[in-house]
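Just so you know, all these numbers are worked out from the coordinates, no wet-lab data involved. In this text the structure is predicted, and so the values were computed from the model without any measurement. Please note: Cβ atoms are built from the backbone with ideal geometry, for glycine as well, and neighbour counts cover all protein chains shown.
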Amino acid sequence: MGENIGSVQERHYYSQLGSKCILVLYIFQAALNKDGTRFERVTGSPDHEVMRLELPLNGAVPLIQNAKLCVYATQLLLIQLPTLTNNSTSTNMSPMFKHTALFWTGFLLALPGAFLAPTKRSDCTNPAIRREWSTLPQSQRDAFHKAVKCLQTKPSIVESNGGLAECGYTDPIPYWDWTRNANSVDEFKAAPIFDPNTGFGGPSAANNNGTAVCVDNGPYAGMQVNIPEPHCLQREFGLSSDLIGNWTSSNVNKFMEYPDYIRFWNNSEIGPHNNIHLAIGGDIFWQYSPNDPLFFLHHAQIDRLWTLWQGRNETRLTDYQGNTVQNSTEINASLQDTMKFLGLGEDRTVESLMDTLSNGLCYKYDDDE
């Protein structure tokens, strides 16, 4: 029953009422415990707090994930409330409680109609189109490289495309679809993205042996970066065949089919995202991975997959789960969490950045219908 207990967008809206809902359930429990009605924590897991509501009349035992579906359990209880309150074992229920229960009956049962599924907003009428690197004309590729190197001389800013525009590049950030280079180690190393003339260059064949070395050809040959200390931009290509399978089209299609964000995110994160960083190696492998300009095309591809996944069902614009600290189970993430930019830009809530077509964002991808 847990899988059918509510849609993604309803869960988000109901989560805002979570604490009140749980309080009401405990009130019901206190008032109806003589009937055998119980609401309790049953188990815990790294991702979910599982709760159970036992109803004595028909033996229904719905499972409640994350306590955000608490309202649904309350509704199930309230549907049976007239029978419960008229039950001979409930004669001690006070009139005040009955009135309170009736109020919550009307309020909570009305929620699904009151909170309709959000629709994809479109604040921008002429969105920029992000395109795959290999489809760009050479003049646009050259302009991108020139702007990236120019940025090394500019102060840090966080506005999307803002820095590139300051350096003369006014087109959208491109993405790299690495599923096109995923059949073998040799195919990946020979991918056009690493071509010294049409791509980002890389260690020459003589140095392409799994040891981090300076990029010695292409537009970033000899490029110096400053974090964690001054050094040449490095790549490694120490990949093996077992890594390749993480970003094939078939693997990507698998996690694109997941109906919920948490499974989509987990599988895209530990699969293609992490392993592309590992496969290229060098600077892009470490915490200072933005040293490598390829970082931005790689992450644009991850953003593209998320956008395409959202586009398969508009309710996914509000599907956001997990924890505020990666690999932690302490604090559940919320759309109201604030993303802090340490003075480099305006702090924003997660909710305000969920849609690429609203709240100051105005872009889409070339295959986003």
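Quick look at the numbers
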item: Packing-based exposure ordering (other Cβ within 10 Å, fewest first) of Val185, Val213; result: Val185, Val213
item: Unsatisfied cross-links (Cα-Cα over 27 Å) in the set Lys189/Lys364; Lys149/Lys364; Lys189/Lys254; Lys254/Lys364; Lys154/Lys189; result: Lys189/Lys364; Lys154/Lys189
item: Estimated FRET transfer efficiency when R0 is 41 angstrom, pair Glu269-Ser139 (beta carbons, to 0.05); result: 0.75
item: Length added when fully stretched, Asp242-Thr211, from 0.36 nm per residue minus Cα-Cα; result: 9.3 nm
item: Gyration tensor (Cα) of the stretch 299-369, equivalent ellipsoid semi-axes in angstrom; result: 22, 16, 11
item: Least to most buried among Met256, Met354 (fewest other Cβ within 10 Å first); result: Met256, Met354
item: Sorted by Cβ density within 10 Å, fewest first, the residues Val215, Val225, Val350; result: Val350, Val225, Val215
item: Inter-label distance for Thr170 and Glu257, nm, one decimal - labels placed 7 Å from Cα along Cα-to-Cβ; result: 4.5 nm
item: Label-point gap, in nm, between Asn327 and Asp366 - each point 7 angstrom along Cα→Cβ; result: 3.7 nm
